1. Go through (1) in contact with a Leu (Cβ under 9 Å, 6 or more places away or on another chain); (2) farther than 30 Å from Gly263 by Cα; (3) polar (S, T, N, Q) for Asn117 and report which single condition fails.
2. Scan the range 12-42 residue by residue and report those that are assigned to a loop (DSSP other than H, G, I, E, B), among the hydrophobic types (A, V, I, L, M, F, W, C) and surrounded by fewer than 21 Cβ atoms within 10 Å (Cβ to Cβ).
3. Specify the residue that is farthest from Ile48 (Cα to Cα); the eligible residues are those in the range 110-130 that are in contact with a helix residue (DSSP H, G or I) (Cβ under 6 Å, 6 or more places away or on another chain) and crowded, with 18+ Cβ neighbours inside 10 Å.
4. Regarding the range 43-65, can at least one residue be identified that is in a helix (DSSP H, G or I) and in contact (Cβ under 8 Å) with a residue 60 or more places away in the chain?
5. Scan the range 275-290 residue by residue and report those that are modelled with pLDDT under 85, outside any helix (DSSP H, G or I) and either in contact with a strand residue (DSSP E or B) (Cβ under 7 Å, 6 or more places away or on another chain) or surrounded by 13 or more Cβ atoms within 10 Å (Cβ to Cβ) (or both).
6. hydroxyl-bearing (Ser, Thr, Tyr), closer than 19 Å to Tyr287 by Cβ and under 15 Å from the mean Cα position of the chain (by Cα): does that describe Thr78?
7. Checking the conditions here, which among Phe272, Phe262 is of a type outside the set (S, T, N, Q), at negative phi, part of a helix (DSSP H, G or I) and at pLDDT below 90?
8. Mind checking whether some residue in the range 93-104 is surrounded by fewer than 22 Cβ atoms within 10 Å (Cβ to Cβ), in a loop (DSSP other than H, G, I, E, B) and in contact with a Pro (Cβ under 8 Å, 6 or more places away or on another chain)?
Amino acid sequence: MKVSGFTIVRNAIKYDYPIVEAIRSILPICDEVVVAVGKSEDDTLNLIRSIDSEKIKIIETVWNDSLREGGHVLADETNKALQACSPDSDWCFYIQGDEVIHENDHADILDAMFRWNDHPEVEGLLFNYVHFYGSYDYIGDSRRWYSKEIRIIRNRIGITSYKDAQGFRKEGHKLNVKPIPAAVFHYGWVKPPQLQQAKQESFHKMWHDDSWMEKNIPKTDAFDYSQIDSLQHFSGTHPDVMKKRIRQKNWEFSFDPSSKKFGSLKARLLYFIQKQFGWKIGEYKNYKII
């Protein structure tokens, strides 16, 4: 069985993406990792080149900013990386620049790929998600956070990145997937407030026009992490590849998990149902569990 990892990145240093940690977190279970490095305003290309592994395969790209609306440029870049994966790979493992896999999950991930490798009806593997927010001590637990997504897909069967590259589809249809007992640690909402604000301003430009940006993105030097509906303390362990970055954290954020800031009675009721019964009513699912 052969496995290709793939990812995209641009301006990783400027916006403090843990892309090196992301790549290193999947290297042990991949035979190669394709990194599509977009033309950047910083030294992102040399950052990726500095990763000491012969498995890294870099392709240099230029992002098509005319695909700005709806985040389609992200899917376009993701497809470039996917197409560069070795044609003889059985599976392709997608990791975004702010996502990290815990080494404790490597065995379960490999077991799942081996188990379903000879079952072509299984087109992808579905991961759980842990979304960190504000600091490495808190995780989002409200309905605003997606709970699962596809991160491993079968190679060369017509699967492509969908919409803003959060998930995948095959010829417009949802993939048939198997859930696996592994999690993606999502760190996109953990960085110094100044860099988080800069990232938000850049990131939203991939979805919205200038007039929307003017109305909806505050003009400020630092992101306000306090405007969140609900968080809980993280009680687990972080991946080993993240520990150096966590030690270097240089800002403070604290939150009272008993404090809930839901905007309506309906939101509070749906949160209660989710917590009591594990049921996210109406959650969007870009996949079919078989």
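The values are calculated or read from the model by the stated rules, or taken from the named source; none is laboratory data. All of these numbers come straight from a predicted model, not from anything done at the bench. Please note: Cβ atoms are built from the backbone with ideal geometry, for glycine as well, and neighbour counts cover all protein chains shown.
1. Against the list (1) in contact with a Leu (Cβ under 9 Å, 6 or more places away or on another chain); (2) farther than 30 Å from Gly263 by Cα; (3) polar (S, T, N, Q), Asn117 comes up short only on (1).
2. Answer for the range 12-42, where residues must be assigned to a loop (DSSP other than H, G, I, E, B), among the hydrophobic types (A, V, I, L, M, F, W, C) and surrounded by fewer than 21 Cβ atoms within 10 Å (Cβ to Cβ): just Ile13.
3. Per the criteria, the residue is Val122.
4. no
5. Within the range 275-290, just Lys280 meets the criteria.
6. Here the answer is yes, as Thr78 does meet what is asked.
7. That would be Phe272, the only listed residue that is of a type outside the set (S, T, N, Q), at negative phi, part of a helix (DSSP H, G or I) and at pLDDT below 90.
8. Yes: one or more hits.
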